[in-house]
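A quick write-up on the structure given underneath.
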Amino acid sequence: MTRRRAVPRASRTSGSRWSQRVSATSVALELEPGVFTWRDPRRIARSLRSSAERSIRRKADPFRSAMSMLCFYLNRAGRQLPAERRACLEAAKDELRAAFGRARLRPAAPRAARRRACSARRPA
């Protein structure tokens with residue numbers, strides 16, 4: 001039996017930025033600029049929903065397209081995403097489920113608690 005040779009590192013790194021290319025060139029959904037930087041989860045969910053429903057290039061139903069885009073952003077941001085931004089985007093996932101009439105995975109937090117999770121820390 002022959003052993004497979006390892007792929008040289010240089011050729012492996014040339015295709016490693018596929019997610020950056022997808023983020024920059026994908027036309028599946030026409031997102032509003034800066035949608036993932038907003039602090040209001042309900043506004044993020046509304047924007048994703050309207051983008052998904054308007055799109056004629058999506059391959060799945062609007063809910064799945066919008067949720068996929070949000071999850072893609074969360075997963076690609078990884079550990080560099082601050083905890084409060086992650087909490088805000090996770091809350092946007094719940095708002096997106098509610099906007100499409102789907103069941104929430106977690107019980108809804110009180111509105112004041114969501115605002116605290118999504119607001120920027122103010123210096124004391």
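So how do 53-60, 85-92 stack up, highest first, on mean other-Cβ count within 10 Å?
The packing order, highest mean first, is 85-92, 53-60.
Out of every Cα pair in the stretch 27-85, what percent are spaced more than 15 Å from each other?
48 percent
Read-outs throughout are calculated quantities, based only on the coordinates presented, and are distinct from any laboratory measurement. These numbers were taken from a predicted model, which means no experiment stands behind them. Because the Cβ atoms are built from the backbone with ideal geometry, glycine has one as well, and the counts that use them run over all protein chains shown.
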